1. What angle do you read, to the nearest 10 degrees and between 0 and 90, between the alpha-carbon axis of helix 84-94 and the longest principal axis of the chain?
2. For the Cα atoms of the chain, what angle does the longest principal axis make with the long axis of helix 12-23, in degrees from 0 to 90, nearest 10?
3. Can you give me the % of accessible surface on the chain that is carbon or sulfur? Probe 1.4 Å, all protein chains present, nothing else counted.
4. Whose amide H sits under 5 Å from the amide H of residue 130, counting only residues 5 or more places off or on another chain, with H placed in the peptide plane?
5. When Rg is the radius of gyration of the Cα atoms in region 121-200 and Rh is its Kirkwood radius, what does Rg/Rh come to?
6. Just order 172-181, 207-216, 68-77 by mean Cβ neighbour count inside 10 Å, highest at the front, would you?
7. On average, how much accessible surface per residue is there in the chain, in Å², for a 1.4 Å probe, leaving out ligands, DNA and RNA?
8. Residues with amide H under 5 Å of residue 29's amide H, sequence separation 5 or more or different chain, H placed in the peptide plane at 1.01 Å from N; which?
Amino acid sequence: MSFRIYLVEDDSNLNLVLTSYLEKEGWNVSSFFTGEKAREEISSPPDLWILDIMLPDVDGYQLIGEIKATSPQIPVIFISARDADLDRVIGLELGSDDYLSKPFLPRELVIRTRKLLERVYPNQYQPQTIPPYSIDEVSRKVIFQNKVIDLTSKEFDLLLCFTKNQGQALTREQLLIHIWGNDYFGTDRVVDDLVRRLRKKMSKLRIETMYGYGYRMVKS
């Protein structure tokens with residue numbers, strides 16, 4: 001399911017990083033750098049808002065009030081660098097569904113976003129099928145012949161990346177960033193090892209090696 005997410009964050013570098021991480025999950029992200037720009041889209045609500053409290057014009061408190069007045073059912077994640085306890089309490093009172101205090105790892109935001117979407121839209125998360133495997137993104141399980149295949153967290157992340165980009169050539173660097181993040185320091189050969197392990201556990205996957213480039217999962 002390609003959910004629509006509105007991200008409101010005035011720090012341009014953080015905005016770009018968070019947008020990149022969220023889009024890697026297959027979500028459709030619209031990012032805003034000011035409250036006024038975000039306010040213009042309140043009448044066209046997304047599936048989820050990610051909202052910084054400290055904005056240069058309209059603050060997040062005012063914005064969430066307008067959002068909830070128009071679409072009370074739409075979930076909101078608050079992010080802030082101010083007093084964490086105070087902002088968390090006020091945010092909850094105003095209707096936020098989750099809260100992250102800066103600084104935080106982008107991957108943590110992705111995880112919290114996924115869990116919130118799963119909770120609010122449970123019927124929209126359906127198991128995917130990559131014959132002969134069934135992949136349940138919510139429970140993070142892979143079923144083959146009625147048995148669960150035991151995958152590590154990173155093996156499952158790699159599988160999802162291939163699944164959501166079937167037929168697309170992916171470089172080692174792209175896979176490295178997607179699974180380990182931008183802050184990883186080390187050789188990209190860890191990708192080769194992860195692919196090798198995934199192939200061993202799921203031998204019927206059609207993952208092609210593109211020598212000198214990366215990998216591609218062939219469409220079933």
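The values are calculated or read from the model by the stated rules, or taken from the named source; none is laboratory data. Not measured: the values here are computed from a predicted model. Reconstructed Cβ throughout: ideal geometry from the backbone, glycine too, with neighbour counts over all protein chains shown. Accessible surface areas use protein heavy atoms only, side chains included; no ligands, DNA or RNA. Shrake-Rupley method; radii C 1.70, N 1.55, O 1.52, S 1.80 Å.
1. So the helix axis and the longest Cα principal axis differ by about 80 degrees.
2. Approximately 50 degrees, to the nearest 10.
3. On the way: 5610 of 11210 Å².
Of all accessible area on the chain, carbon and sulfur atoms account for 50 percent.
4. The list, which skips near neighbours in sequence, is 135.
5. Values: Rg = 13.5 Å, Rh = 13.7 Å.
Using Cα coordinates only, the ratio equals 0.98.
6. Values: 172-181: 18.1, 207-216: 13.5, 68-77: 15.2.
Result, highest mean first: 172-181, 68-77, 207-216.
7. Values: 11210 Å² over 220 residues.
I get 51 Å² per residue for the chain.
8. Close amide H contacts, sequence-distant or interchain: 5.
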